[in-house]
Each structure stands twice: as structure tokens, then as C-alpha cells.
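What follows is one structure encoded as C-alpha cells, with my remarks underneath.
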Amino acid sequence: MTGVVLNDVRKSYGDLQVIHGIDLSIDPGDFIVFVGPSGCGKSTLLRMIAGLERISDGTVSISGRVVNDVPAPDRGISMVFQSYALYPHMTVGDNMAFGLRIRRTPAERIRETVGQAAEALQLGQYIDRLPKALSGGQRQRVAIGRAIVREPEVFLFDEPLSNLDAALRNQTRMEIARLHREIGATMIYVTHDQIEALTLATKIAVLKDGELQQFDTPDRVYNQPANTFVAGFMGAPPMNLVAAEIIAGDGGAAVAVLERAGQPPVHVGLPASRKRLVGRRVVFGLRPEAICSGPVGSRPDHAEIDVDIDYVEVTGADRIAVTNFTSGPFYARLPADADVHEGRRARLNFDRDKINVFDADTGARIAEETP
Amino acid sequence: MFDDAKPWIQRDWKLVAAMLIPAIAVIALLLYMAGWILVMSFTDLALFGRKATEWSFVGFDNYERLFKRRGFLNSLWVTTVFTVFSAIIGQNILGFAMAAALRNTGRFTKSFVEGAVILGWILPDVVAAYVWSATFTENGLVDLAILQPFGIETRNFINDHPLFVVIVANVWKGAAWSYILYSAALDTVPSEVVEAARVDGATPLQRAWHITLPILRPHIATNCLFITISSFVYFPLIYALTGGGPGRKTQVLSIFVYQESFAVGKLGYGSAISVAMVLIVAFLSIFYVRLLKDPR
């Protein structure tokens, strides 16, 4: 199995640099998701690994071999494109066999390999059909089949699900996850959909403006974002970000003064592990689901706030309350039976240990102090 | 029949009838003219002399003459050579090659070449004929710029290789059409499909042969249909350049029709040649339209 290593990879078009030196080390068998907003360079980066886009600077290595000057077909990769990119004039079988025929694989072996892939992807009965006679989901499976039969060391997926409807997207997502479990090959997957990123990835690379923001497990990217950008990008609704000034309270404990729009600030006492923040201006990050309704009660680790509920969105399992706590929207993901109503005042509380703290100037995460 | 028409049309039959009058008139006129030619082709009608007024039906005499006299078969051969080499091979391949080559060039080069190519296209045939005449005549551009410097004996190409000259002139004149059509067609080939073939290991030549050309097949058939028909019945450039000569060497069917009908004055015979041309063009069209369809 094969790992992929990116070493200070850069891409420029003329004077315009779009990828600014990315370092990534991808372990064999990993499922890596590149995620980020439109124009962040994630597709460009994938195409550079594929060999479809020249590498302006830095190196890309696959299995320990620098592949900067190796043509795409010789890199041991297969790619699944967003538009499926099936050959429209070829049948399903010919689409899958094309790469093998180009490599002069014996016909007997092609038949066998293509047959197996078609069966595995439930395409057996469509083998003689043209792509235009297939549904979107079937076409996507043909594209995946075409990638499988070449038995690549690394699979590259460029937003493969974005042309499918929601139900099919879920189903195909699970199929891709199953494929990864069965084949165990290294996979690199580009998406702007954070649900795909969180569910599929063993590790997520979050990109913004051609720079790597965080490269970590889905759990850590979600719960311990490296900076305010990652915090705001991952999760729907996103992490709430609130500006705060940390002052010294009784006995030297850190107390956060949370600024509110048009209302007096709220004071929140912080855990002992946040003592060194005193005197700094920071940004608090709080996941909507870390917020509960009602008073603190018997939970000493929690802090409470009173807010006006602007809007309640019922999503079935949850009620998303949008409040006026800060100048922007502040979301609380509450149980469906929570006692919150539009236009009324409500008391919310949250676990102080779940607060993420970021530097107000750089946006970078400030880790908890270890005692 | 009008079930899926808009309700207001269904209600008002008189309006529908009135609206149809122009279309019916045009179609009727076309059918009348085509019918007139067809009827004339069975007569010995002449442009002048006694047969201009006292003509009579002669059955299939004119059609027999197509195959018994030298003129028609010669012209059919000349037209076929002219069409195959100037349109199907010349314009088609040159147009495609230019479209493919200019896809990734800078805007200046592209505009310059496009301008030059289209200039040839929009230039009136008579002017183009003069230009090519000056190029290929004794001591013309080719003689002075190519043959003389290498010490090769100069010659009058229009006399020695007349068909070659009209073919070159027509390639030059018509390549713009194929270029424009193929430029647009190449834009319809999805770049991801070509990239997929690249990842699959296909060389540029294999990508062109296995991917791009098959995807472009309907466009190629459309283009061939158009340029074949237009070259098959082409008249002005050839007539202005050679008048069909020397002898009958460049006497394509359209010039043959013109001369038989208006110089010799045999309108009946000219009509028969026209009918034969229509049949040949119709046959070619059916061939291309079949090519347009998907094999499956």
C-alpha cells in the first residue's frame, strides 16, 4: 500500500500563486478529504497529485517516489471526476475496459476484471448500455468501476457526489466508504460538503485560499478546530464565535467578559486550565449542540446566559434556536421538546469545558493549559 | 392532429388557415419549379430556334444522352474529384487541423489566423478567382516566388494543372466554414472526459482517435454534408477562374449544365442534367444523415 507525501507544494498561474506551500503526509490506506470553500484550491491540489496540473514548486511523492515529472497514467492513480467524465460513445463495459485496452491487457483478463467490477457495483445488467441510458447514480458507479479496474494505488475523487440528489448522495457515500474498507487503498477525496468530509475521512485537510488550515482526524477538526476559520466552516449550523475579554476574578481565576450587541456584557467564570488567558482578548467558540436550555441547576461546570430568541428552526429531531446573543446569529441546537419560542426570552446554559478559545488577532486556537 | 396546439389556436381555424398561406405559397412555388424542371427534362425544349416554340416530349432521350455522350460522365468525374479533394479532404481536414491547433494559442495568433481565413471566405468569388489566377498564371506568384529561385522551369499552372488550381482555390475559400464549425464543436467536448482518457493512459493521438473524434462524429457528418453539397454544385469560382477549361478539364456539373442550357441552348438536356445532380446530392445526403445517427 501506498502513501502520498506533499512537500511545500505550490501552484502559480503566471504571477498569481493559488497554492501556497502545502505540506501533507498521507499514510497508506488513509481516506483523506480535502475540504474548503469554493476557490480554496482543493481541486487544483488534487489535480496536481493526479498529474493533470503541473506542480510549480515543491514535490509530490507517491510510494516514496517523486512524481512531479511522471505522466498521470504512470503515477498509479485513478480519478473519479465530478461530471463522471464517462466516454459518451462507449458502452459501460467499454468505458471500464478502455484504460486496460490502452495498456494492452490481454482480452481475457479485461473481460474478467471488468465483469467482477460490474458485478460488485451492481452494473452487470447494464454492461452493454451507453452512459446516456443510465441514471446519475449508475453513471457514478461506472466512473468508480472505471477507477477500480485499473487497480490503482491511490484513488482520487473530485467532488464525485455533487451532481447527485440528496438520497442518492447518502447511498453512494456509503458505497464509497464500503469500497475503502474492502480495497483498503489510499483515497483522496475533494468536497465542499462537510458532512461527506466528516463521515468518510480518516483525516481531513481543511483548505482556505490555497493554504492548509488543519490536517487532523474528523473528531479533532470538529471539536478542536485549529482556528476560527475551521470552526466556522465545519458544522451546520457553524460554531458560534463570540469576542471576549479575559479579566482576573476572585482568587486570580479567569473570568470572560462576553460582549453583547446592545446589552450589558455577560461574565463567565472559566475553568482553572484557562488561568493564563487573563488580560487577553480572545474569541470563544461554542458548538450549537454544547448549549442546553434551562438554568444551570446542579451542574457546576456550566454557565448560563439569558437571550432573546429571534427564530426557531424545527429540523425534526432538533430545534435550532437563533438568538441575539452576539451581533451575528448565535445558534443553539436544542432537543425537539425544548421550551424555546420565537420572540420570547429564554435561559440557556453551556459546559465551560467545551469552550474553544482562539486568539482575537490571529484566530489561532489557544490550547488548554496542562496543570 | 392539433391536439397539443395552444388552446387559442384550436379555437380559431380561420386564423390558422390565414397564417398558413405564405408557407403554402412558398412550398407550392418550389414544387412548381422542381416539377417544371422534371417535366422539361423529358422534352427537347431549346432556348432559341425552332425548338424554343415547337418543342415536344422525347421520353428518356435526354437521360440516355447523359450516358451516351461524353460530356456528362466527364463532368461527373471532374465534380467528384473536385468535391472529394477540395471539400471532403481539403476543407474538412484543414479546417479541423486549424481548429484543433488554434484552441490553445494566444488571442493574437488566433485572431490573426481567423481573420485571414475568414477573409478568404467572405471575398467575392470573382475577386478570389482573379487572385488565384494571378497566383498560378505564367510568371505568377508561384512561379516567381517558388519555382524560379530553385531554378525550376516556370509554367502556367492554370493550363497545365487546372483541376489542381481550382481545388486549391476552393480549399482556401471554404476552409473557414469547416474551421468555424469545428472550433465550436471542439468546445462541446467535455474537458473532464479528455482528462479521464489521459489518466487512463491514452496518448494525444489515441485521445483524438478514440475519444474526441467519436464524440465529434455528428458534427463531422453535418460538416461533410454541407461542404459536399456546396462543392458539388459550386459554380462561380471555377467558372471565373477557368471557364470549365482548358477543354473540359475543369468542367464540373454546374458549368456543364450552364453551357448545355444557355450556350448550346438545350434546355431539355440541361434539365435532365439538373435532375441527375439532384438525385446524386440526395443520395449523398441520405448517406450523411445515416452517419449522423447513433449506431445503437
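Read-outs throughout are calculated quantities, based only on the coordinates presented, and are distinct from any laboratory measurement. The structure displayed is predicted, hence computed values, not measured ones. As a convention, Cβ positions derive from the backbone with ideal geometry for all residues, glycine included, and neighbour counts pool all protein chains shown.
Given R0 = 22 Å, the distance between the Cβ atoms of A:E313 and A:M174 translates into a calculated FRET efficiency of 0.25.
Stretching A:S162 away from A:D353 to a fully extended chain increases their span by 65.1 nm, per 0.36 nm per residue minus the current alpha-carbon distance. Between the Cα long axis of helix A:166-183 and the first principal axis of chain A there is an angle of about 70°, rounded to the nearest 10.
Here each label is just a point 7 Å from Cα along the line to Cβ, and for A:S327 and B:K293 those points are 6.9 nm apart. Report, in listed order, any pair from A:K275/A:K354; B:K68/B:K266; B:K173/B:K249; B:K6/B:K293; B:K68/B:K249 with a Cα-Cα distance greater than 23 Å. Distance filter (> 23 Å) returns B:K6/B:K293.
Assuming a ≥ b ≥ c are the square roots of the Cα gyration tensor eigenvalues, decide whether region B:68-292 counts as rounded (a/c under 1.5), prolate (otherwise, with a/b larger than b/c) or oblate. Oblate is the answer for region B:68-292, as a/c is 1.5 or above yet b/c matches or exceeds a/b. Among A:I32, B:I21, a tally of other beta-carbon atoms within 10 Å of each Cβ gives an order, fewest to most, of B:I21, A:I32. Name the residues of region A:32-53 whose amide N is less than 17 Å from a point 7 angstrom out from the Cα of A:D74 along the C-beta direction? Hits in region A:32-53 for A:D74 at 17 Å: A:49-53. Across chain B, the relative contact order, built from alpha-carbon pairs under 8 Å that are at least six residues apart, equals 29 percent.
Using a ≥ b ≥ c from the Cα gyration tensor of region A:279-335 (square roots of the eigenvalues), is it rounded, prolate or oblate, where a/c under 1.5 gives rounded and otherwise the larger of a/b and b/c decides, a/b for prolate? Judged from the Cα gyration tensor, region A:279-335 comes out oblate (a/c at least 1.5, b/c at or above a/b).
Here the calculated FRET efficiency for A:D337 and A:D209, from their Cβ-Cβ distance with R0 = 35 Å, stands at 0.25, rounded to the nearest 0.05.
Each residue, A:R54 and B:F226, gets one label point 7 Å from its Cα in the Cβ direction; the gap between the two is 3.6 nm. Long hydrophobic helices in chain B: the complete DSSP H runs spanning 15 Å or more by Cα along their own axis with mean Kyte-Doolittle hydropathy of at least 0.5 are B:13-40, B:70-82, B:107-122, B:125-136, B:162-187, B:213-232, B:267-292.
Panel order for A:C40, B:C224, by other beta carbons found within 10 Å of each beta carbon, from fewest to most: B:C224, A:C40. Inter-part distance, region B:198-252 to region B:90-123, computed on C-alpha centroids, equals 15 Å. Once the C-beta distance of A:S38 and A:A248 is scaled by a Förster radius of 51 Å, the resulting FRET efficiency is 0.70 to the nearest 0.05. At full extension, B:T80 and B:W209 could sit 43.7 nm farther apart than now, given 0.36 nm per residue minus the alpha carbon distance. With both labels modelled 7 Å from their Cα along Cα-to-Cβ, the A:T217 to B:E54 distance reads 11.2 nm.
Sorting the segments B:43-51, B:135-143, A:230-238, B:24-32 by their residues' average number of neighbouring beta-carbon atoms within 10 angstrom, most packed first, yields A:230-238, B:135-143, B:43-51, B:24-32. Restricting attention to region A:4-233, lysine pairs at least eight places apart or on different chains and with alpha-carbon atoms under 27 angstrom apart total 5.
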